[in-house]
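These notes are about the structure you will find just below.
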Amino acid sequence: GGVTTIDPGFKNTGSCESAITFLNGEEGILRYRGYSIEQLADKADFLEVAYLLIFGELPTKQQLEKFHADIKEQSHVDEDVKKILDGFPKSAHPMGVLSSLTSALVAFNPTSVNVDSEEEMYNAIVKIMGKFPVLTAWAHRKRAGLPLDYGNNNLGYVENFHKMMFHRPNREYSVDKKVVDAIDKLLILHADHEQNCSTSTVRIVGSSHAGLFVSISAGIAALWGPLHGGANQAVIEMLEEIKEDGGDTHKFMEKAKDKEDPFRLMGFGHRVYKNFDPRAKIIKVAADDVLSSLGIDDPVLDIAKGLEKEALEDSYFVDRKLYPNVDFYSGIIYRALGIPVEMFTPMFALGRLPGWIAQWREMRLQKEPIGRPRQVYTGETFREFIPVEKR
Ligand code: CMC
């Protein structure tokens, strides 16, 4: 074999060619299939963006309607999946529940695994697009002690998700359009981000030709961690802690800079963005809009803005090019919309679903080889076995 160079964290290693998402970290640019995140967040809806990411073009009206109809056709989850859900304690973190149930879906949809043709791929894609919002909403209702909701296919994709999350028994379902629009925008902003930790996971699991659902289940597990999607929960918990502690942002800034202290300023820093995360800019404005339109005054938003201001002027953060990332303000909006803290990362997963699908599909269509990195061995060379009684 040749010489293996190691690159921990793959900081400088490209794993694939991809035509899905363009990211320029120095300039703070993010585009899906060539369209800017700013325009998409402002003008598109989530299902359109999902179609764009997965199939490469913005859908015509007919294409979008067909895609939605095919998804609706698959928006039921086998009743027996409820028994699995029932087996979890109420206190279970919904990311674990979601990952497990997504994996369990294979047992109920065995034909989704072998996807050698584009048609078989398409069928697996609309199935997971249909069933995943149901599982996400169910994970929430289980925790909240609410009966499961089956949704209403006359509603839009995101609106239906909102109903499945929040519709209370024996009440009319009604929703504020502003609320659904805010969720839609957040989902778009999370929809893809090229070869991040969870997406690389999806591609590598899928590269063994394990099916789409288990590849996504593995992606959910990767997203769960606080250095990745779990940061949105960690941010709100940190902001609450600062508030409880009296609101002294400076003290926490010092803690984050102290290398002896494992504390990091959650929601700050990014592997690729060495400039403003363009998603954070949009979300910051949206946080102000959503809170003011719902008439909510959340003191935690002021703490977040205070931290940001301080960080942008602090040489530690300036030198390391640490800016607020997508997760810094998102939790404040989720909370204003009535989404509980532990559901923040599942919301990220729901948004990232089309990105994971698009990346998995691209990997399969490009017939990429199985992912299998090398290593530099640093262990013992040869040792003679010693029986246990002689050790
Ligand atoms: N607070 C304090 N110091 C930080 C932070 C932070 N949030 N982030 C990075 N640093 C320091 C780090 O200690 C290092 O300093 P030094 O060079 O003196 O050793 C330097 O900045 C570079 O950091 P790194 O850990 O080498 O960078 P990375 O690319 O390996 O990690 C990161 C990127 C996002 C994991 C990291 O910035 C972090 O842990 N941030 C907090 C968690 C977070 O908000 N994650 C969400 C990421 S965005 C969306 C997503 O992926 O879900």
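The values are calculated or read from the model by the stated rules, or taken from the named source; none is laboratory data. All figures in this text were calculated on a predicted structure; none of them were measured in a lab. We place every Cβ from the backbone using ideal geometry, glycine too, and count neighbours over all the protein chains shown.
Observations on the model:
- Members of the stretch 238-259 found to be within 12 Å of the ligand (Cβ to nearest atom) and part of a helix (DSSP H, G or I), listed by number: MET238, PHE252, MET253, GLU254, LYS255, ALA256, LYS257
- Residues of the stretch 1-20 that are on the phi < 0 side of the Ramachandran plot and within 13 Å of the ligand (Cβ to nearest atom): ASP7, PRO8, LYS11, ASN12.
- For LEU350, the test of being more than 10 Å from the ligand (Cβ to nearest atom) and modelled with pLDDT under 95 is failed.
- Scanning the stretch 223-277 for residues that are of a type in the set (A, V, I, L, M, F, W, C), surrounded by fewer than 20 Cβ atoms within 10 Å (Cβ to Cβ) and closer than 16 Å to ASN196 by Cα returns LEU227, VAL272.
- Every residue from the stretch 262-276 that is near the ligand (Cβ under 6 Å from one of its atoms), at negative phi and in contact (Cβ under 8 Å) with a residue 40 or more places away in the chain: LEU265, MET266, PHE268, HIS270, ARG271
- All of ASN170, ASN153, ASN160 fail the test of being in contact (Cβ under 8 Å) with a residue 60 or more places away in the chain and outside any helix (DSSP H, G or I), apart from ASN153.
- Test: residue in the stretch 56-78 that is surrounded by fewer than 16 Cβ atoms within 10 Å (Cβ to Cβ), of a type in the set (Lys, Arg) and in the same structural domain as HIS193 (by TED's automatic domain parsing): yes
- Annotation: SER215 fulfils all but one of (1) under 30 Å from ASP176 (Cβ atoms); (2) assigned to a helix (DSSP H, G or I); the unmet one is (1).
- Checked against the criteria, GLU194 counts as among the charged types (D, E, K, R), within 12 Å of the ligand (Cβ to nearest atom), out of contact with any Asp or Glu (no Cβ under 6 Å at 6 or more places or on another chain) and within 26 Å of LYS281 (Cβ to Cβ).
- Top-ranked residue of the stretch 190-202 - restricted to ones that are surrounded by fewer than 24 Cβ atoms within 10 Å (Cβ to Cβ) and part of a helix (DSSP H, G or I), ranked as nearest to the chain's Cα centre (by Cα): CYS197
- Answer from VAL113, VAL175, VAL179 - the residue that is of a type in the set (A, V, I, L, M), modelled with pLDDT under 95 and over 28 Å from THR21 (Cα atoms): VAL175
- Residues satisfying the stated conditions in the stretch 283-325, i.e. of a type in the set (Ser, Thr, Tyr) and either surrounded by 18 or more Cβ atoms within 10 Å (Cβ to Cβ) or in the same structural domain as ALA182 (by TED's automatic domain parsing) (or both): TYR323
- Candidate set: the stretch 126-148, residues that are free of Cβ contacts under 8 Å to residues at least 40 places away in the same chain and under 23 Å from the mean Cα position of the chain (by Cα); chosen: the one nearest to LEU52 (Cα to Cα): ALA137
- Annotation: GLU26 fulfils all but one of (1) within 17 Å of ALA358 (Cα to Cα); (2) modelled with pLDDT under 95; the unmet one is (1).
- Condition check for ALA280: more than 12 Å from the ligand (Cβ to nearest atom), buried (at least 16 other Cβ atoms within 10 Å of the Cβ) and touching a residue at least 24 places away in the same chain (Cβ under 8 Å): no
- Residue match in the stretch 43-53 (condition: among the basic types (Lys, Arg), surrounded by 14 or more Cβ atoms within 10 Å (Cβ to Cβ) and under 26 Å from HIS193 (Cα atoms)): no
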